Structures are given as C-alpha cells and as structure tokens.
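Since every read-out is calculated from the coordinates, none of them should be taken as a lab result. All figures in this text were calculated on a predicted structure; none of them were measured in a lab. Cβ coordinates were reconstructed from backbone atoms using ideal geometry, including for glycine residues, and neighbour counts include every protein chain displayed.
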Amino acid sequence: LTTHVLDTASGLPAQGLCLRLSRLEAPCQQWMELRTSYTNLDGRCPGLLTPSQIKPGTYKLFFDTERYWKERGQESFYPYVEETQKFHVPLLLSPWSYTTYRGS
C-alpha cells in the first residue's frame, strides 16, 4: 500500500503532507484508523503497512490538504482528500484541484 503526492502548483513533490490510513472493519462497517504519517522529500510515504500487516479489505487514505496549504501560506478549495483505491494511490495536488488515477 503506497502513495505518491505531487504538488502541481510548484512542480515539486508534496513534502510534509499529513495523511491517515484507515481500514473498513466488518461487521460494523466503521473505519478504524491504523496510522498517521507524513510524505517524505519525494512526496512518498513508504512503509504505511508492512506486507504482514496488510489484511484483505478496504483501505482509505485521508490527505490533510488544508493543513498542507496553510503551512505554505496558501488558501485552498479542498480541506481534505479521501481516496479508496487498490495498492497505490497517486495524487496530483494544487490549491484548487486534485486528481487521482490508477497507478502502475
């Protein structure tokens, strides 16, 4: 389970973006937060879960975009981005838009 976040406004990796990883727990169908982390110099967050920690199920990444932009003195339209995709979640981010796509 990986992510790569690029700041399209600056053309650089989104370093220091706070994100939270959660898993949908059965049978109550509630999200359980597993980990909070930050993107590195390359905009990646390695080691969110080790292979032995990954269980079959639905996972969600919550990206705290409002905090990221405030730390850079920038207003933004989206206070957060939540994504549920398989294995790799690439995120292209600017103050007024975001895009995700199926990574390789």
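For the range 7-104, a simple Cβ point-charge model (Lys and Arg +1, Asp and Glu -1, everything else neutral) yields a dipole of about 320 debye relative to the Cα centre. Counting only C-alpha contacts under 8 Å and six or more residues apart, can you give the relative contact order of the range 2-100 as a whole percent? Relative contact order for the range 2-100 comes out at 32 percent. Quick one: compute the contact order of the range 1-59, relative version, from alpha carbon pairs under 8 angstrom and 6+ residues apart, as a percent. Relative contact order for the range 1-59 comes out at 39 percent. Taken along the Cα-to-beta-carbon direction at a fixed 7 Å, the label points for residue 9 and residue 96 span 1.1 nm.
Each principal axis of the Cα cloud of the range 2-100 was taken in turn, and the coordinate range along them, longest first, works out to 41, 24, 20 Å. Taking other C-beta atoms within 10 Å as the exposure proxy, 28, 45 rank 28, 45 from fewest upward.
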